[in-house]
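Accompanying notes for the structure given below.
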Amino acid sequence: MKRQAVFFGAASAIGLVAGSGLAQAQITITASDMFNQVGQYYRAYANATDFNVSGRLGSTGGPQAWDFTTGPQELIYRFDYLAPSAAPDIELFPGATFVERKTVESTGATAFMYLDQVAGKGRMNYGFYDPEFSSTFPASPFVPPINDFPATIGYQDTWSVSTVFETEIVVIDPDPEEGGGFGIPARITYTASAVADAYGILNQPGIGFGECLRVNELTQYDIAVDIMGDGNYQSIDVQFVRNFYFLRKGYGIAVQVTSRQQATPPPDNFALAAGVVRMFETNHGQGGNEEVQIKDFRITLGKDSALLQWTKAAGIATYRVDYSTDLAAAGGGWRELQTTTSNFVVDGAVKESPTRFYRVVGLR
């Protein structure tokens, strides 16, 4: 799904106004900016121990600049996007249409995420396979799958997800003569809430600088175990992690900073990061900047509703219609009215406000 050139119009009780565009201070990240095509890859520097990020995360709002040209580089990760057949236990993730393989270049250790890109909805995440997370139970399908990144992400957009996955906690026996240890079935309830809370310019090694959005995500892990093996799970712990994703046009998640795991929600300005991942090489390029015009946008006013119509663009199957009652509000005040595969929408709520502005966004 690619954010296309949008057409704007306004409907009011006294007439119509239409324009070909609107200047905005913030960018929109779309699926074409993310990594979702087989054959794409990127490499990133990462840390092996906690890293001090004091003063580097910025604040809410913008515009501002983040400089990640320097940072930890004890490890190098390579992320490859592959056909599902390249991943283990694919039968446990039937909805996946591509996989992300993470490789630690110095050790060769790998982990997989099972993904799909859904038109008009965004990226679906079906779970993961990670022997480092659990050596005895490495495959963990999400029930249900999560929509971890929407189809389009703009400044001040919010979203949340929730799912459950099974794993196993290995308990090491302190007496080596007793056989070493045993596994306890565990069930983890994962919830996350995210907001695109800042925007500006991101500077990174090897790639240079460009426009970006900062996504602030708080995740919660509720851990329960089946001690007796009878299917009855008992809660034993709750842990929190905060992630900052720096989403850049044409490069997707260009930088990710992850807090240390703790028993209470980490603050926005945490000092020590358990993870700092900085992209420095990719074959993705700047594909997110290509535009296709949506033409002939027109509005017909009825007594209590408005008919919005446009001409379908070649290669665009899905359209999202947004409206605003106050373009001076944060982010332009845009709200989604409807997503459709047709070339028209009827807005039955025109009577609720004297003036409504519209834009049509093509997705693919």
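Observations, loosely collected:
- Shown are Thr311, Thr258, whose ranking by accessible area with a 1.4 Å probe and every protein chain present, most to least, is Thr311, Thr258.
- Per-selection metrics, the stretch 87-142 (Cα): Rg and Dmax in Å: 11.9, 38
- Solvent accessible area, Å² - Ile76, 1.4 Å probe, full protein context: 50
- Furthest towards positive pole of dipole, Phe209, Asn243, Gln220, structure part the stretch 179-243, Cβ charges: Phe209
- Relative packing of peptides 295-305, 208-218, 185-195 - highest average C-beta neighbours within 10 Å first: 208-218, 185-195, 295-305
- When you count the other C-beta atoms within 10 angstrom of each residue and take the mean per peptide, 244-251, 138-145, 104-111 line up highest first as 244-251, 138-145, 104-111.
- Length gained on full extension, Ala271 to Val38: 80.2 nm, using 0.36 nm per residue less the C-alpha separation.
- Note on Lys295 and Ser135: the extension gain reaches 52.2 nm, defined as 0.36 nm multiplied by sequence separation minus the Cα-Cα distance.
- Which of Thr318, Thr136 is most accessible, then next, and so on - probe 1.4 Å: Thr136, Thr318
- Only Lys, Arg (+1) and Asp, Glu (-1) charged, at Cβ; the stretch 98-245 dipole about Cα centre in debye: 820
- Per-q log10 I(q)/I(0), the stretch 195-252, q = 0.12, 0.17, 0.27 Å⁻¹ (Debye; single scatterer per alpha-carbon; no solvent): -0.50, -0.65, -1.03
- Residues whose amide H lies under 5 Å from that of Gln40, counting only those 5 or more places away or on a different chain, are Tyr81; hydrogens are built 1.01 Å from N in the peptide plane.
- Taking each residue as 0.36 nm, the span from Ser353 to Ser162 lengthens on full extension beyond its C-alpha to C-alpha distance by 65.3 nm.
- Charge sum, other residues only, whose C-beta stays under 11 Å from Ala198's C-beta, Lys/Arg counted +1 and Asp/Glu -1: -1
- Tyr233-Gln309 FRET efficiency (beta carbon distance; Förster radius 51 Å; 0.05 resolution): 0.45
- With both labels modelled 7 Å from their Cα along Cα-to-Cβ, the Val118 to Leu92 distance reads 2.2 nm.
- When you count the other C-beta atoms within 10 angstrom of each residue and take the mean per peptide, 66-75, 340-349 line up highest first as 66-75, 340-349.
- In nm, spacing of pseudo-spin labels at Thr325 and Thr189 (7 Å Cα→C-beta vector): 3.6
- The calculated Kirkwood hydrodynamic radius for the stretch 82-205 is 16.8 Å, given to one decimal from all distinct C-alpha pairs.
- The stretch 196-223 and the stretch 51-92 have their alpha-carbon centroids 9 Å apart.
- One way to sum up the overall shape of the stretch 188-338 is the equivalent ellipsoid from its Cα gyration tensor, whose semi-axes run 39, 25, 17 Å, largest first.
- What the stretch 110-237 shows is 46 Å² of accessible area per residue, with the surface traced by a 1.4 Å probe over protein heavy atoms.
The values are calculated or read from the model by the stated rules, or taken from the named source; none is laboratory data. Worth saying up front: this structure is predicted, and the values here are computed from it rather than measured. Note that each Cβ is placed from the backbone with ideal geometry, even for glycine, and that neighbours are counted across all protein chains shown. Surface accessibility is based on the protein's heavy atoms, side chains included, excluding ligands, DNA and RNA. Shrake-Rupley method; radii C 1.70, N 1.55, O 1.52, S 1.80 Å.
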